[in-house]
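A quick write-up on the structure given underneath.
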Protein chains: 2
Amino acid sequence: MLDERKASILRAVVEEYIATAQPVGSAHVAAAPRIGVSPATVRNEMAYLEHEGYLVQPHTSAGRIPTDKGYRAFVDQLAGPGQLDTGRRQLVKDFFARAHGELEDMLKDTSRLLSSVTDYAGVVVGPPHEAATIRSIQVVGLAHGVALVVAVLSNGAVEKRTLEIADDVGDERLAAVTAHLSAHLAGRTLRDPAAVPSTGDAVTDALSERAARAFAHDDGDDGDQVYVGGTARIASAFDAVDTVREVLGALEQQYVIVGLLRDLLDRGLSVSIGSEHGVQNLAECSIVIAPYEVEGEQAGTIAVLGPTRMNYPQALAAVAVVGSRLGQRLSEG
Amino acid sequence: MLDERKASILRAVVEEYIATAQPVGSAHVAAAPRIGVSPATVRNEMAYLEHEGYLVQPHTSAGRIPTDKGYRAFVDQLAGPGQLDTGRRQLVKDFFARAHGELEDMLKDTSRLLSSVTDYAGVVVGPPHEAATIRSIQVVGLAHGVALVVAVLSNGAVEKRTLEIADDVGDERLAAVTAHLSAHLAGRTLRDPAAVPSTGDAVTDALSERAARAFAHDDGDDGDQVYVGGTARIASAFDAVDTVREVLGALEQQYVIVGLLRDLLDRGLSVSIGSEHGVQNLAECSIVIAPYEVEGEQAGTIAVLGPTRMNYPQALAAVAVVGSRLGQRLSEG
DNA sequence: GTTGGCACTCGGTAACATCGAGTGCCAGCC
DNA sequence: GGCTGGCACTCGATGTTACCGAGTGCCAAC
C-alpha cells in the first residue's frame with residue numbers, strides 16, 4: 001500500500017501523462033497543487049515508485065511514465081469518481097432524447113455515442129437472444145424449395161434461418177407447421193431443445209422438427225451482436241500505424257471482443273488495463289466496461305476501448321451513464 | 001492519345017510504383033522488359049508524360065509517381081485484363097464452397113473475403129429491400145403496449161418496425177390485423193403505398209393502416225445494408241496515421257459510402273481513382289466496384305477500397321469473380 | 001526527513017558534410 | 001531526326017557532430 005504522499009505523486013504523474021502523453025518529470029509533479037514538497041523529494045518518491053513497478057523511465061534522464069500496474073493503482077485507489085462535463089452530458093442527453101428506431105439501430109448508434117463522448121472506440125453487445133422467449137414463430141415459403149423460419153422474440157429481436165424443403169411442399173403445409181410450432185414453442189427460448197409433439201402427420205412433424213432445430217445449433221460462433229463505433233478514433237489514439245492495424249484487426253474478430261468482454265464481466269471487472277486481459281493485439285489498449293439492464297435483468301454490456309493512456313474517470317463515468325440510460329430506454333420498449 | 005512507347009513507359013512506371021511504392025526512375029523503366037530504349041530516351045518521354053499530367057515528381061531528382069490521371073490511363077488503356085493467382089482463386093473457391101448462413105452473414109463474410117483476396121478493404125452493399133415483395137407480414141404483440149410489425153420478403157430478408165399500441169389491444173385483435181395485412185399486402189413491395197381496404201372495424205383498420213405505413217417512411221437514411229470488411233488493412237495501406245483516420249471516418253459514415261457507390265454505378269464506372277469521386281476524406285483512395293445479379297436482376301454492389309496505388313487489374317478481377325459467384329450463390333437461395 | 005546544489009545522462013534538434021539516385025541538357029552518332 | 005552516352009546538377013536521405021536542456025541520482029546542509 002502506498003502512503004499518502006506516494007499516492008499523490010503517482011496520481012499526479014498519471015493525470016499529467018494522460019493529459020499530455022509526455023513523460024512526467026519531478027519538477028512538474030512538484031508544481032502540481034496538493035504536492036507540497038520539492039522536486040528532490042518527489043524524485044526520491046518516484047524512484048521508489050519505479051522500483052515498485054508503478055512507473056518506468058523510457059530512458060535515463062527522461063521523466064516517468066505509468067506502467068499498467070501504475071494505471072491499475074490509479075483506477076482502483078487514486079482516482080476520484082469521474083464526471084462528464086456539461087458538453088458531453090448534453091451529448092448523451094440529446095442522443096437519448098432523439099434516439100428512435102429498432103433495437104439494432106439503437107445499439108449501433110449507442111456505440112457511436114460512446115465513441116464521441118469519450119473519443120475512443122465504443123462497443124455495445126446486444127442482449128443475447130438465448131435469453132428471450134419466443135413470441136411468434138412461423139415458416140414462410142420463398143422460391144425454389146427454400147423456406148424461412150422466422151422467430152419473433154420477446155425483446156423485439158427477430159431471428160431467422162433458411163430451411164431447404166421439398167419443392168412440392170405447399171403453403172397449406174407450411175401454415176400447418178407454423179400453427180403447430182406457434183402452439184408449442186411460444187414462451188420458450190430459442191435454444192430450448194423441447195421436443196415438438198407429434199401431429200399425427202409425418203411430413204408436418206418432420207418439417208416442424210427441422211424448423212425448431214434450426215435455431216438450436218450455434219452457428220459456430222455465438223449469436224451475440226456486437227457493434228463497434230468510432231474505429232477512426234483508434235487511429236487518433238495511437239501514433240504507430242502498426243498498433244492501429246493490430247487493434248483494428250482485433251476489433252474485426254468480434255468473437256474475440258465478445259469473449260473478452262464476457263470474461264471481464266464474469267470476473268466482475270469494470271476496467272482492464274493493457275496486458276492484463278492477455279489479448280496480444282490489444283496489449284496497448286485498456287477497456288472500460290459496464291453491463292446494462294433491461295427490466296431489471298442484465299441484458300448486455302457496453303464498453304470503451306482506448307489506449308492504456310486513457311482518461312479512466314471520464315470513461316467510467318461515460319459507460320455508467322450511457323449504460324444506465326440505454327437500459328432505461330430499452331426497458332421502455 | 002499516347003503513342004506506343006509512351007504508353008509502355010507509363011505502364012511500366014505504374015506497375016513498378018504499385019509494386020514498390022517508390023518513385024520510379026528512368027533506369028528502372030529502361031531495364032524493364034518490353035522497353036528497348038535507353039534511360040535517356042525514357043527520360044525524355046517521362047518529361048513529356050509529366051508535362052501532360054500523367055506523372056509527377058515528388059521533388060527534383062527523384063523518380064516519377066503516377067497521378068490520378070496516370071492511373072486512369074493505366075486502367076482504361078494500358079492494363080491487360082487481370083487474373084487472380086491460384087492462391088487467391090482458391091480462397092474464393094473455398095469460401096463459396098463453405099459459405100452458409102443467412103443473407104446478412106453471407107454479405108458480411110463476402111466483404112471479408114474481398115478484403116483478404118485483395119489486401120484492401122472490402123465493401124458489400126446488400127440488395128435493396130424496396131425491390132423485394134412481401135411474402136408474409138404479421139403483427140406480434142410484445143410487452144407494454146408495444147407491437148412489432150414483421151415483414152418477410154421474397155429475397156429472404158426480414159424487416160421489422162415497432163409500433164406503439166394501446167394497452168388494451170388483445171392478441172385476437174393483432175391476429176385480425178395480421179390476417180388482414182397478409183391478405184392485402186402479400187406480393188406488394190414494402191414501400192408500396194397501396195391503401196389497405198377497410199374491414200368494417202375502425203380499430204382494426206386504424207392499426208392496419210399504421211402497421212402498413214410503418215415501412216413506408218424512410219428512416220431518414222436509406223435502408224440499404226452495407227458491410228465493410230478488412231478495415232485493418234486500411235492501416236497497412238497508408239503509412240500516415242492521419243490518412244488512416246480520415247478513411248476510417250468516411251467508412252463509418254455508411255450513407256457516404258452507399259451514395260458514392262450508387263453514384264459510380266449510375267455513371268457506369270467500375271473504377272474511381274483518387275480525387276475523381278470528390279469525397280474529401282477519400283482523396284487518396286481508389287474504389288473498384290462491380291454490381292452483382294440475383295436471378296438476372298441487379299441486386300447490389302461489391303467494391304474494393306484501397307490506396308490509389310492499388311493493384312487495379314487484380315482488384316478488378318477480384319470484384320468480377322466474387323460478384324459473379326456471390327450472385328450465383330444468392331440465386332440458389 | 002527535506003531540500004538545494006551539482007555532476008551526469010541522454011534524447012532531441014540543428015548544422016553540416018556526404019552520398020547517390022535521378023534529372024535535364026547537349027553533343028555526337030546512326 | 002531520333003536515340004544515346006556523357007555530364008553537371010539537384011536534392012532527399014543518411015550519417016556525424018555538437019549542443020542544449022529536461023531530468024536524474026546523490027550528497028551535504030538545513
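Report the full-extension gain for the segment residue A:275 to residue A:86: residue separation times 0.36 nm, less the Cα-Cα distance, to one decimal in nm. Working shown, then result.
On the way: separation 189, 0.36 × 189 = 68.04 nm, distance 3.29 nm.
The residue A:275-residue A:86 span can extend by a further 64.8 nm.
For residue B:240 and residue B:50, compute 0.36 nm times the residue count separating them, minus their Cα-Cα distance, and round to one decimal in nm. Show your work: numbers first, answer last.
Values: separation 190, 0.36 × 190 = 68.40 nm, distance 2.55 nm.
Between residue B:240 and residue B:50, full extension yields an extra 65.8 nm.
How tilted is helix A:103-118 with respect to the longest principal axis of chain A? Cα atoms for both, answer in degrees (0 to 90, nearest 10).
Tilt of helix A:103-118: around 10 degrees.
Given the C-alpha atoms of chain B, compute the convex hull and give its volume per residue in Å³. Mind dumping the intermediate values first?
Working: hull volume 51.3 nm³, N = 333.
Looking at chain B, the number lands at 154 Å³ per residue.
Tell me the Kirkwood hydrodynamic radius of the stretch A:40-128 in angstroms, computed as one over the mean inverse distance between distinct C-alpha pairs.
On the way: mean 1/r = 0.0605 Å⁻¹.
One over the average 1/r among Cα pairs gives 16.5 Å for the stretch A:40-128.
If you take the C-alpha gyration tensor of the stretch A:174-333, multiply each eigenvalue by 5 and take the square root, what semi-axes do you get, largest first, in whole Å? Could the numbers behind the result be given before it?
Details: eigenvalues 344, 72, 31 Å².
Square roots of five times the eigenvalues give 41, 19, 12 Å.
Under the Karplus relation 6.51 cos²θ - 1.76 cosθ + 1.60, θ = phi - 60°, what is the ordered set of whole-Hz ³J(HN,Hα) values for the stretch A:256-272, x standing for Gly and Pro?
Once rounded to whole Hz, the list reads 5, 5, 4, x, 4, 5, 4, 4, 4, 5, 4, 7, x, 8, 10, 9, 10.
In a Gaussian network model over chain A where Cα atoms closer than 10 Å are linked, find which of A:145, A:36, A:200 has the largest mean-square fluctuation.
Among A:145, A:36, A:200, the largest GNM mean-square fluctuation belongs to A:200.
Could you tell me how far the Cα centroid of the stretch B:1-54 sits from the Cα centroid of the stretch A:21-69, in Å?
The stretch A:21-69 and the stretch B:1-54 have Cα centres separated by 57 Å.
A 24 angstrom limit on the alpha carbon distance is what I want to check against. Which of A:69/A:93; A:93/B:160; A:160/B:108; A:160/B:93; A:69/A:108 exceed it? Intermediate results must be reported in sequence, preceding the final value.
Details: A:69/A:93 35 Å; A:93/B:160 26 Å; A:160/B:108 16 Å; A:160/B:93 26 Å; A:69/A:108 33 Å.
Over 24 Å apart, Cα to Cα: A:69/A:93; A:93/B:160; A:160/B:93; A:69/A:108.
Whole Å is fine, so just give me how far the alpha carbon centre of the stretch B:254-268 lies from that of the stretch A:74-119.
Spelled out, the Cα-based centre of one part sits 31 Å from the other.
Grab every C-alpha pair in the stretch A:124-235, bin the distances at 5 angstrom width from 0 up to the longest one, and report whole percents.
2, 12, 21, 22, 16, 11, 6, 4, 3, 2, 1, 0, 0
Counting other C-beta atoms within 10 Å, which of B:292, A:120, B:227 has the fewest, and how do the rest follow? Mind dumping the intermediate values first?
Values: B:292 25, A:120 28, B:227 21.
Fewest-to-most Cβ neighbours within 10 Å comes out as B:227, B:292, A:120.
Along each of the three principal axes of the Cα atoms of the protein assembly as shown, give the extent in whole Å, ordering the values from largest to smallest.
Projected onto the principal axes, the Cα atoms of the protein assembly as shown cover 82, 80, 41 Å.
Could you tell me what % of all Cα pairs in the stretch A:11-73 have separations over 18 Å? Kindly include the intermediate steps, with their values, before the conclusion.
Numbers: 479 of 1953 pairs.
Roughly 25 percent, rounded to a whole number.
Working from the alpha-carbon coordinates of the stretch B:217-289, get Rg over Rh, Rh being the Kirkwood radius.
On the way: Rg = 12.8 Å, Rh = 13.1 Å.
Rounded to two decimals, Rg over Rh is 0.98.
Efficiency by 1/(1 + (r/R0)^6): what FRET value for residue B:40 and residue B:131, r their Cβ-Cβ distance, R0 = 60 Å, to the nearest 0.05? Display every interim value, and only then the final one.
Working: r = 60 Å, r/R0 = 0.99.
Efficiency at R0 = 60 Å is approximately 0.50.
Which of B:272, B:61, B:38 moves most in a GNM of chain B, Cα contacts under 10 Å?
In the Gaussian network model the winner is B:61.
Below 13 angstrom from the Cβ of residue B:203, what's the summed charge of the other residues (Lys, Arg +1; Asp, Glu -1)? Can you show the working numbers first?
Working: positive: B:173, B:210; negative: B:168, B:172, B:201, B:205, B:209.
Net local charge, residue B:203 excluded: -3.
Based on the Cα gyration tensor of the stretch A:86-163, what are the three equivalent ellipsoid semi-axes, each the root of five times an eigenvalue, rounded to whole Å and given largest first?
Numbers: eigenvalues 247, 31, 24 Å².
Ellipsoid semi-axes (Å, largest first): 35, 13, 11.
Can you give the FRET efficiency to the nearest 0.05 for residue A:168 and residue B:324, using r as the Cβ-Cβ distance and R₀ = 25 Å? Walk me through the intermediate numbers first.
On the way: r = 31 Å, r/R0 = 1.24.
The computed FRET efficiency comes out at 0.20.
Sort B:2, A:330, B:269, A:114 so the one with the fewest other Cβ atoms within 10 Å of its own Cβ comes first. Write down the numbers at each step before the final one.
On the way: B:2 18, A:330 22, B:269 15, A:114 31.
In increasing order of surrounding Cβ atoms, one gets B:269, B:2, A:330, A:114.
What ranking do A:302-313, B:315-326 get when scored by the average of other Cβ atoms within 10 Å per residue, highest first? Provide the component values of the computation, followed by the final result.
Working: A:302-313: 24.6, B:315-326: 22.9.
Ranked by mean Cβ neighbours within 10 Å, highest first: A:302-313, B:315-326.
With 10 angstrom as the radius, rank B:162, A:133, B:67 by how many other C-beta atoms surround their C-beta, starting from the fewest. Let's see the in-between values first.
Details: B:162 17, A:133 14, B:67 20.
In order of increasing Cβ crowding within 10 Å: A:133, B:162, B:67.
Tell me, what HN-Hα J-couplings in whole Hz come from the Karplus equation 6.51 cos²θ - 1.76 cosθ + 1.60 at θ = phi - 60° for each residue of the stretch A:32-48, using x for Gly and Pro?
With coefficients 6.51, -1.76 and 1.60, one gets 5, x, 6, 9, x, 10, 7, x, 4, 5, 4, 4, 4, 5, 5, 4, 4 Hz.
Determine, from the Cβ-Cβ distance of residue A:332 and residue B:20 and an R0 of 60 Å, the FRET efficiency 1/(1 + (r/R0)^6), rounded to the nearest 0.05. All intermediate terms of the calculation are to be shown ahead of the outcome.
Values: r = 58 Å, r/R0 = 0.97.
Calculated transfer efficiency: 0.55.
Which whole number gives the average count of other chain Cβ atoms within 10 Å of the Cβ atoms across peptide A:153-164? Walk me through the intermediate numbers first.
Numbers: counts 3, 3, 2, 8, 2, 7, 2, 8, 2, 6, 0, 1.
For this peptide, the per-residue mean of nearby foreign Cβ atoms is 4.
Give me the base-10 log of I(q)/I(0) for the stretch B:261-333 at each q in 0.14, 0.16 Å⁻¹, Debye formula, one uniform scatterer per Cα, rounded to two decimals.
The Cα Debye sum returns log10 ratios of -0.44, -0.56.
Every read-out reported here was derived from the displayed coordinates using simple, explicitly stated rules and does not represent laboratory data. Values in this document were obtained by computation on a predicted structure and should not be read as measured data. All Cβ positions, glycine included, derive from the backbone under ideal geometry; neighbour counts span all protein chains shown.
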